[in-house]
Amino acid sequence: YGGTNANLTASNGGIHYSTATATAILSGTATASLPMLSGATAAPTWATIAYPASATSGGVPYFSSATAMASSAALGSGQIVLGGGAGSAPTTSANASISSGALSLGANASALGSVKMFGSTSGDVTVGPAAIAGTATIFQLPATNGTSGYVLQTNGSGVTSWANPASGGTVTSVAAGTGMSFSTITTTGSVAIDGATAGNFEAGTSNKVLTADVVFTSETTSTFAATQALDFSTFFNTKITLTNNISSFSCSNQKAGQAGQIRFINGAGPYTIPATFGCNMKFAGGTQPTLTATNGAVDVLVYQCTATNYCIASMIKNVQ
């Protein structure tokens, strides 16, 4: 047997191989380009899938049929391979690629990138950017699943974290010409606003929220002085108990639209006010008011300012 330990019969295109005790011949196959498959400790066999004689550099091998393999066209750098269907060559996505660990979807001015995720039983959710998506926007998710009921917040640089909504937040500014509206607010905490105090209301302080409880302010007391100074940013209604004559009035911070009254309570004089009231007060016929010349009498000056320097006024005398 010429050292083969077997009575061999030649086969055109066959393969000479060894068994445990002798050599043998795998008969040739009529199908070209079939690779030989190992039989482990048994005889080798011919594969049923034919390989191509050549391949495209940078291409992807695929099964062109149940019995043949082929090579696709070359892929672009980082591009994602898309299936071509039964018997068709795979293609590459023009709007998706992977580079430096980052998956890129979409292409500027041609395709919006998005990710669609399907529910295990039905439905799907698509996540994607706005059409004008900004430049190098980063959205970094937290490292944990968060606490039940918490919300996702950003630090302004795209790094997000979980936050307890009960802790609230602050509105730092609202653009001119815009506003905020609420339908229903359900909370176990409170909603804080920068509300006006009575002093803010009287002073006409800007950027304060006016609530009903400060609209109806109590009468204040102005300390008597012979040269009486009245600051209209501290009251709408005030009273002065005269312990002597008032020789002059000076007024400040009168506001257009402000209205109220000044109540004069005469002491044991009786005492008087100056013949010319001043303070931009305008009286009917230009007649200046006087006080009732009776101890303890109450006279009320009612005023309405239509401008900072023009207040219509009238004295109601001997109010009882």
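The values are calculated or read from the model by the stated rules, or taken from the named source; none is laboratory data. Fair warning: this is a prediction, and the values are worked out from it, not measured in the lab. A quick note on method: Cβ atoms are made from the backbone with ideal geometry, for glycine too, and the neighbour counts reach across all protein chains shown. Surface areas here come from the heavy atoms of the whole protein model, side chains and all, with no ligands, DNA or RNA. Shrake-Rupley method; radii C 1.70, N 1.55, O 1.52, S 1.80 Å.
Some notes on this structure:
- Based on protein heavy atoms only, the chain ends up with 65 Å² per residue of surface accessible to a 1.4 Å probe.
- Computed helical MRE - 222 nm, the chain, DSSP H runs ≥ 4 contributing -39500 (n - 2.57), nearest 500: -500 deg cm²/dmol
- Most mobile listed residue (A96, A32, A196) in the chain, GNM with C-alpha springs under 10 Å: A32
- If you plug the beta carbon distance of T67 and S27 into 1/(1 + (r/R0)^6) with R0 = 30 Å, you get a FRET efficiency near 0.95.
- Candidates P270, I15, S33 compared by Cα position along the dipole of the chain: farthest toward the positive end lies P270, with charges placed on Cβ.
- Electrostatic dipole magnitude of region 191-320 [Cβ: Lys, Arg +1; Asp, Glu -1; Cα centre; debye, to 20]: 280 debye
- Rounded Å value of the spacing that divides the Cα centres of region 201-260 and region 43-83: 92 Å
- Dipole magnitude for the chain: about 280 debye, using +1 per Lys or Arg Cβ and -1 per Asp or Glu Cβ, origin at the Cα centre.
- What a 1.4 Å probe finds exposed on region 211-320 is 53% carbon and sulfur by accessible area, rounded to a whole percent.
- Heavy-atom accessible area, probed at 1.4 angstrom with all protein chains present, ranks S18, S97 as S18, S97, highest first.
- Close Lys pairs in the chain (alpha-carbon distance under 18 Å; sequence gap of 8 or more, or different chains): 4.
- Our analysis of region 196-320 gives Rg over Rh at 0.98, with the two radii drawn from alpha carbon positions and Rh computed by the Kirkwood formula.
- Farthest toward the positive end of the dipole of the chain, out of N309, I98, A47, is the Cα of N309, where the dipole comes from beta carbon charges about the Cα centre.
- Net length gained if the chain between T227 and S148 were fully extended (0.36 nm per residue, minus Cα distance): 21.8 nm
- Packing around the peptides 289-295, 146-152, taken as the average count of other Cβ atoms within 10 Å per residue, puts them in this order, highest first: 289-295, 146-152.
- Cα gyration tensor shape of the chain, rounded if a/c is under 1.5, else prolate or oblate by comparing a/b with b/c: prolate
- Region 1-153, accessible surface, carbon-and-sulfur percent (1.4 angstrom probe): 56 percent
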